[in-house]
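I have placed the structure first, in the form of structure tokens, so that the comments after it can refer back to it.
The values are calculated or read from the model by the stated rules, or taken from the named source; none is laboratory data. What you are looking at is a predicted structure, and each value in this text was computed from that prediction instead of being measured. Glycine also receives a Cβ, built like all others from the backbone with ideal geometry; neighbour counts cover every protein chain displayed. For accessibility, only protein heavy atoms count, side chains too; no ligands or nucleic acids. Shrake-Rupley method; radii C 1.70, N 1.55, O 1.52, S 1.80 Å.
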Amino acid sequence: MSDPIPFIDLQAQRRRLGEPLNAAIRAAVEGGQWILGPQVAQLEKDLAAWAGVKHAIACANGTDALLLVLRAWGVGPGDAVFVPAFTFAASGEVVALAGATPVFVDVLPDTFNMDPASLEAAIALVKRDGKLTPKVVMPVDLFGQPADYRALAPIAAREGLKLFCDTAQGFGGLLDGKRAGAIGDAAATSFFPAKPLGCYGDGGACFTNDDGLKELLLSLRMHGQGSDRYEHIHIGYNSRLDTIQAAILIEKLKIFDDEIEQRNAVARRYNEAFAGSNRIQIPVMIDGATSTWAQYTLQVEDRAKFQADLKAAGVPTMVYYPIPLSRQKAYAHYPSAPTPVSEALSSRVVSLPIHPYLEEAAQNRVIAAVLQSAG
Ligand SMILES: Cc1ncc(COP(=O)(O)O)c(C=O)c1O
């Protein structure tokens, strides 16, 4: 058997970025302003311009980016934040860390994103119960595809709730020509290395068109500082982006459009290859949406066998996510709409290697192994 295919190949991207990346890192080191240096301000300008949003505010990681916005909005004890049950833990964690209550919402079986009907049910549940005040709807752009904001935004607007997009996996995706990052009252992303736009450590950013929110976020990421560094007007955080990470992200953003296109090309090939199999369910895109394909995720009946077959063929797979948040020990006591779809998905989903540098020969190996196991 030939060598296993890597699930993700970040070194291929590093080789492409080459000397300009090395020079950018060297300049950040030699510049000596290692935290929130000038490259951070440059990155914030570049990100905002690229996404088509007024402000980007960089911070230490994606989890903080979510928490900073919730704190800036004053979300806290007694408040309900509606979060999908099928997501990474950070989406629910930040709500609890803010002192508020995550209320879990089911997802759609084909796109994996928040189900508008389940959101309505969760809002009704909270209102009926009368103990919490609904405050924020926080859909997740899972695996790279924007959530169905056409359906979710009107519900949030009708109920007077903020719309906050967890686009940690989807930053740069498109819905009706609008970038994820520029959708909603605010959005937050992660620059974790494996994300479509990742740095070489931890990093994150918040996005908004709201000038007041931007000022609050700048303060909160720096210990709640006021106009002077040692004047503190809020209880804040130490949540800043390292200059070296900003320098890396500036270089990566220059090739991000092309990388998104390459990811889409791989996804198209997979979709075409698997469309004919009735033992595999391929991921579904909503009309007018472009995904960043943070993950390419199939649904199969016998996942254990499928993973074992692919492993034997040198094709690694991952399971995102094996337990819905509504069933996790740490979160099971929070309110939840019924989440049968999230529960079913958690035993069926399996993600395949996808990245912009996945060569045709490797794609062929993935396709052959999948069809051999479940075609
Ligand atoms: C959906 C989602 N939200 C939030 C986060 C948190 O980002 P970070 O790891 O940068 O804190 C991640 C990624 O890890 C994520 O996938």
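Here A49 meets the list (1) more than 16 Å from the ligand (Cβ to nearest atom); (2) within 26 Å of P102 (Cβ to Cβ) almost entirely, failing just condition (2). Just one of (1) open to solvent by 50 Å² or more (accessible area, probe 1.4 Å); (2) away from the ligand (no atom under 16 Å from the Cβ) fails for R71. It is (2). A search for C-beta distances below 8 Å between a residue of the range 187-215 that is farther than 22 Å from L21 by Cα and assigned to a loop (DSSP other than H, G, I, E, B) and any residue that is open to solvent by 10 Å² or more (accessible area, probe 1.4 Å) and not basic (K, R), counting only pairs 6+ apart in sequence or on different chains, returns N209/V53; N209/H55; D210/H55; D210/D185. Looking at A275, A267, A247 in this structure, which one is away from the ligand (no atom under 16 Å from the Cβ) and surrounded by fewer than 16 Cβ atoms within 10 Å (Cβ to Cβ)? Exactly one of A275, A267, A247 is away from the ligand (no atom under 16 Å from the Cβ) and surrounded by fewer than 16 Cβ atoms within 10 Å (Cβ to Cβ), namely A275. Among all positions in the range 324-339, there is at least one residue which is basic (K, R) and not in a loop (DSSP other than H, G, I, E, B). Restricting the range 214-237 to residues that are open to solvent by less than 50 Å² (accessible area, probe 1.4 Å) and within 21 Å of the chain's Cα centre (by Cα) leaves a set whose member that is farthest from the ligand (Cβ to nearest atom) is L217. Annotation note: of L298, L371, L358, the sole residue that is closer than 30 Å to I255 by Cα, outside any loop (DSSP other than H, G, I, E, B) and among the hydrophobic types (A, V, I, L, M, F, W, C) is L298.
Looking across the range 3-32, the residues that are part of a loop (DSSP other than H, G, I, E, B) and open to solvent by 50 Å² or more (accessible area, probe 1.4 Å) come down to D3, P4, P6, I8. Taken over the range 333-347, the criterion of being surrounded by fewer than 18 Cβ atoms within 10 Å (Cβ to Cβ) and closer than 18 Å to V137 by Cα is satisfied by P335, P338.
Exactly one residue out of K135, K131, K127 is open to solvent by 40 Å² or more (accessible area, probe 1.4 Å), part of a strand (DSSP E or B) and either among the acidic types (D, E) or under 25 Å from R71 (Cβ atoms) (or both): that is K135. For the range 201-213, a residue qualifies if it is open to solvent by 10 Å² or more (accessible area, probe 1.4 Å) and either within 13 Å of the ligand (Cβ to nearest atom) or among the small types (G, A, S) (or both), and the qualifying residues are G201, D202, G212.
Of the residues making up the range 84-98, those that are more than 13 Å from the chain's Cα centre (by Cα) and either farther than 26 Å from D148 by Cβ or β-branched (V, I, T) (or both) are V94, V95, L97. If you go through the range 91-103 one residue at a time, how many are open to solvent by 10 Å² or more (accessible area, probe 1.4 Å) and either touching a helix residue (DSSP H, G or I) at 6+ places or on another chain (Cβ under 9 Å) or part of a loop (DSSP other than H, G, I, E, B) (or both)? The total comes to 5.
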